[in-house]
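Encoded as structure tokens, the structure appears first; notes follow it.
What follows draws every value from the coordinates through simple rules; no lab data is involved. Because the structure is predicted, anything quoted here is derived from the model rather than measured. As a convention, Cβ positions derive from the backbone with ideal geometry for all residues, glycine included, and neighbour counts pool all protein chains shown.
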Amino acid sequence: MSQIGRNHQGIGMTSQRTRDRLIDRLRQQGIDNEQVLEVMSHVPRHIFVDEALAHRAYEDTALPIGYGQTISQPYIVAQMTQLLLESGVPSSVLEIGTGCGYQTAILASIFPQVYSVERIEALYLQARQRLAELEFYNVQLRHTDGTAGWPNLSYHFDRIIMTAACTEIPEALAAQLKPGGVMVLPFDDGHDQTMMKITRSPEGLVSESLEKVVFVPLLPGLE
């Protein structure tokens, strides 16, 4: 958990008033988890984007963060986080694709322990610096191949969130999901991308298709 300092509150297009307008829009779009809305009103999205784009940080849109990657649209961040919390707040969550660290910061403001992996070293280093600046001490980051999940394959998670679209569910991730656990991810069937909620039941993985989305693809290897 973190205490967001005054120097991150922002002014003008990054002010609390601007953030509150975004929260109002998220409510209108169906985000109704008050904990998610409260966290998103306080985590400073503008420090996770390039300074030249800070004035657009509280628009409900994805923005480029370099290296062919994007910071997700706030609605998508809120929706995916809300889905992870439908059965309450579990102890641990694994994030595949740290990116700039914004989704990580949202998760770390809610979940007791967050594990996050990023395949692009430059983004991993930037995210680590930003999360440290915001004093998130309940996050463990790794520069590693996200298709393999967390490097310690014996570890199992209550929740898994993937911020890149896969064409099939990586076996390593499925193996790291606890019984009763939930995984939220964008799935690419070759024509469209759909947000999926996957639950590990006694009978196996049960999937639920939700809404159409657009994410960068999940790629193996390191950069």
Of everything in segment 88-98 that's out of contact with any Ser or Thr (no Cβ under 6 Å at 6 or more places or on another chain) and crowded, with 21+ Cβ neighbours inside 10 Å, which residue is farthest from V139 (Cα to Cα)?
-> I96
Within segment 60-87, how many residues turn out to be surrounded by fewer than 17 Cβ atoms within 10 Å (Cβ to Cβ) and β-branched (V, I, T)?
-> 1
Out of E135, E171, report the one residue that is at positive phi and surrounded by fewer than 22 Cβ atoms within 10 Å (Cβ to Cβ).
-> E135
Search result, residues across segment 33-49 that are surrounded by fewer than 21 Cβ atoms within 10 Å (Cβ to Cβ) and in contact with a Pro (Cβ under 8 Å, 6 or more places away or on another chain) = none
Would you please name the residue that is farthest from G99 (Cα to Cα), looking only at residues in segment 44-59 that are assigned to a helix (DSSP H, G or I) and of a type outside the set (A, V, I, L, M)?
-> H55
Cβ pairs under 6 Å, 6+ apart or interchain, first in segment 22-44 and more than 21 Å from F136 (Cα to Cα), second of a type in the set (F, W, Y) and outside any helix (DSSP H, G or I), ordered by first then second residue, are L22/Y58
Residue among Q140, Q126 that is within 17 Å of the chain's Cα centre (by Cα), more than 23 Å from A174 (Cα to Cα) and not in a loop (DSSP other than H, G, I, E, B) | Q126
Output the number of the condition that I161 fails; it satisfies all remaining conditions of (1) within 15 Å of the chain's Cα centre (by Cα); (2) part of a loop (DSSP other than H, G, I, E, B); (3) β-branched (V, I, T).
-> (2)
Go through segment 175-222 and give me each residue that's surrounded by fewer than 17 Cβ atoms within 10 Å (Cβ to Cβ), under 24 Å from S91 (Cβ atoms) and not β-branched (V, I, T).
-> A175, K178, P179, G180, S201, P202, G204, L205, S207, E208
Restricting to strands (runs of 3 or more DSSP E) lying wholly in segment 173-223: which have 3 or more residues that are of a type in the set (S, T, Y)?
-> 193-201
Any chance T98 is in a loop (DSSP other than H, G, I, E, B), under 25 Å from A62 (Cα atoms) and not charged (D, E, K, R) | yes
